[in-house]
């Protein structure tokens, strides 16, 4: 009986103690699962907008005047606003058409040849190779789906599938390859 009373005392003592500092929430679980409301803005941003309300035109004109007078910071500010930094450049490269899994080898070879010729950078080649890999995965899923349809429905299921694809292509819903 004495052991039970000691266990009960330990439980009540733990309940009376303040919560342990550190992780107030379970690991991997947010304290606010719904997150910050869409469109909400910081109070600082709202205050700055109130202070600058109606002054934006004059401030922009002053920044341009300072830039024209040779202020390097004002010049950088104006140029950053006029000419946005380019994140990626358009790659002028013709990738061979990929209509079947067998076309993937030609596409990857074309990417490698373009890198060797200096047409595209290795980073751009990695992006293109990733896209080719994505196309390959789509084609593999399509082929697996066709095999499964054939397994479960026989040749008739494939004929119906091809007829539907042909009709959709004729109506303009999908493009023929």
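Residues satisfying the criterion are present in segment 121-140 (criterion: over 30 Å from residue 56 (Cα atoms) and assigned to a loop (DSSP other than H, G, I, E, B)).
What's the total number of residues in segment 97-110 that are outside any helix (DSSP H, G or I) and either out of contact with any helix residue (DSSP H, G or I) (no Cβ under 9 Å at 6 or more places or on another chain) or modelled with pLDDT of 90 or more (or both)?
Taking segment 97-110 as the starting set, the residues that turn out to be outside any helix (DSSP H, G or I) are 97-102.
Of the ones still in play, those that are also either out of contact with any helix residue (DSSP H, G or I) (no Cβ under 9 Å at 6 or more places or on another chain) or modelled with pLDDT of 90 or more (or both) are 102.
Matching residues across segment 97-110 total 1.
Being modelled with pLDDT of 75 or more, surrounded by 10 or more Cβ atoms within 10 Å (Cβ to Cβ), out of contact with any helix residue (DSSP H, G or I) (no Cβ under 6 Å at 6 or more places or on another chain) and under 30 Å from residue 112 (Cα atoms), is that true of even one residue in segment 146-169? Taking every residue of segment 146-169 in turn, none turns out to be modelled with pLDDT of 75 or more, surrounded by 10 or more Cβ atoms within 10 Å (Cβ to Cβ), out of contact with any helix residue (DSSP H, G or I) (no Cβ under 6 Å at 6 or more places or on another chain) and under 30 Å from residue 112 (Cα atoms). Among the residues of segment 111-120, those that are crowded, with 16+ Cβ neighbours inside 10 Å and in a helix (DSSP H, G or I) comprise 111, 114, 115.
The values are calculated or read from the model by the stated rules, or taken from the named source; none is laboratory data. Model, not experiment: these values are computed from the prediction. All Cβ positions, glycine included, derive from the backbone under ideal geometry; neighbour counts span all protein chains shown.
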